[in-house]
Amino acid sequence: MAGPLQGVRVVDMTSVGMGPYATQILGDMGAEILKVEAPEGDVFRTTAPAASPGMGPAYLNLNRNKRSVTLDAKQPEDREKLLQLIDEADVFVSNVRPAALKRLGLDPVTLCERSPRLIHCSAVGFGQDGPYAGNPAFDDIIQALSGLADLQGRNQGGPAYVNTIVADKVAGLSLTSAISMALYERERSGLGQSIEVPMFETLVAFTLIEHLSGHTYVPPLGPMGYSRVLSPQRRPYRTSDGYIALLPYTDAQWQRFFTLAGRDDLAADPRYVSAVSRAQNFDALYQDLADIVVEFSTERWLSMLAEADIPHSRVNTLEDLFEDPHLKQTGFFQQMEHPTEGTVVVPSIPLRFSRTPGEIRNLAPRQNADHDLI
């Protein structure tokens with residue numbers, strides 16, 4: 001069976017990370033995605049290394065299950081072609097700044113009056129009712145402004161970026177959810193609507209889930225920041241020959257770990273006997289954990305911890321993922337033949353539907369590969 005979004009048509013005028021990630025997920029789930037690029041193309045086409053110009057790896061990994069056309073919306077003839085495509089669509093999604101969309105007649109008021117069932121989605125940097133509305137927004141900017149860089153750097157001597165485009169991807173997931181919810185609501189009301197998904201506010205909400213902490217209350221009951229996550233001792237632990245991840249969580253798991261390590265003294269330590277007492281002593285607890293783990297080899301720990309049913313894992317490098325036994329057995333990485341780029345590695349669709357599974361129908365297109373559609 002086709003994916004759950006079969007029959008949904010999306011005109012996608014987004015580029016870089018946030019928007020393309022969202023529309024790729026919709027495409028994986030069966031939606032028909034028409035990627036509309038300006039003549040200069042999506043800037044992520046230029047990422048390196050690339051087998052051929054305009055087909056960089058980040059672009060390939062964000063734009064499967066799409067068709068590509070090139071239109072210059074500033075030109076009247078191309079703008080009219082774009083409007084005709086939107087007339088036939090269920091969803092129009094764009095990360096063009098709202099002021100520019102309005103100048104082009106592509107704003108939500110104009111388009112939703114023209115097509116009352118249209119879902120108009122703006123992927124923006126900032127909510128349009130605040131003073132940052134017109135500011136440019138990229139992942140580094142949002143990581144810094146949202147407090148995420150501060151959090152990441154608290155144990156590193158200064159602010160630091162997370163080593164992935166986390167702002168783009170988190171906001172992209174929210175964008176996917178928003179579009180899906182609007183499609184569901186339209187089935188009941190018969191009407192479309194406009195949606196705004198701002199990166200900044202989305203990342204602040206995402207970051208503060210655990211880190212609002214004591215400031216959840218008025219007046220505050222303590223500082224901001226979840227102490228367990230911010231402990232400088234929270235990290236993969238060094239073994240005698242490598243590293244492991246280890247996180248006893250419940251009272252029973254901590255007791256089993258201390259018994260396994262031959263540390264009955266720590267099992268009886270009043271600082272560690274309950275979740276409440278551990279929460280007040282994370283730094284000391286994790287330092288004791290590190291001192292214990294370094295005594296044995298990685299393989300010995302993996303064996304002992306598995307037998308004791310204590311949460312743990314090996315620490316994979318990026319390269320190790322290709323040999324990870326779980327990913328290999330589930331067929332997560334696929335080799336597929338791209339019509340112009342040769343054999344490429346494609347991560348599979350992680351979402352599983354029992355009746356209407358997603359499908360990789362086509363790989364990321366060359367720019368304007370589907371010009372016949374206009």
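Restricting attention to the stretch 117-173, the residues that are touching a residue at least 40 places away in the same chain (Cβ under 8 Å) and among the polar types (S, T, N, Q) total 5.
Here Ser194 fulfils each of the conditions (1) free of Cβ contacts under 8 Å to residues at least 24 places away in the same chain; (2) in the same structural domain as Gly125 (by TED's automatic domain parsing) apart from (1).
For the stretch 145-168, taking the residues that are under 17 Å from the mean Cα position of the chain (by Cα) and surrounded by fewer than 16 Cβ atoms within 10 Å (Cβ to Cβ), the one that is farthest from Glu201 (Cα to Cα) is identified as Asn163.
Yes/no matrix, rows are residues, columns are (1) at pLDDT below 95; (2) in a loop (DSSP other than H, G, I, E, B):
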{"site": "Ser194", "(1), (2)": "no, no"}
{"site": "Val197", "(1), (2)": "no, no"}
{"site": "Val204", "(1), (2)": "no, no"}
{"site": "Thr207", "(1), (2)": "no, no"}
{"site": "Glu210", "(1), (2)": "no, no"}
{"site": "Leu221", "(1), (2)": "no, yes"}
{"site": "Arg235", "(1), (2)": "yes, yes"}
{"site": "Tyr249", "(1), (2)": "yes, yes"}
{"site": "Trp254", "(1), (2)": "no, no"}
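Put simply, of Glu359, Glu307, Glu323 the only residue that is over 20 Å from Leu26 (Cβ atoms), of a type outside the set (Gly, Ala, Ser) and not assigned by TED's automatic domain parsing to the domain that holds Arg263 is Glu323.
Suppose we filter Val16, Val43, Val96 for residues that are in the same structural domain as Val124 (by TED's automatic domain parsing), of a type outside the set (D, E, K, R), surrounded by fewer than 18 Cβ atoms within 10 Å (Cβ to Cβ) and closer than 23 Å to Thr202 by Cβ; which single one remains? Checking each option against the conditions leaves just Val43. Checked against (1) crowded, with 17+ Cβ neighbours inside 10 Å; (2) out of contact with any strand residue (DSSP E or B) (no Cβ under 9 Å at 6 or more places or on another chain), Thr298 passes all but a single condition, namely (2).
Filtered by the rule that a residue be more than 15 Å from Ala171 (Cα to Cα) and either of a type in the set (Asp, Glu) or assigned to a helix (DSSP H, G or I) (or both), the stretch 126-143 gives a lone residue, Asp129.
For the stretch 122-142, filtered to residues that are under 15 Å from Glu196 (Cα atoms) and hydrophobic (A, V, I, L, M, F, W, C), the residue that is surrounded by the most Cβ atoms within 10 Å (Cβ to Cβ) is Ala123.
The values are calculated or read from the model by the stated rules, or taken from the named source; none is laboratory data. Quantities reported herein were computed from a predicted structural model and do not represent experimental measurements. Virtual Cβ from ideal backbone geometry, glycine too; neighbours counted across all protein chains shown.
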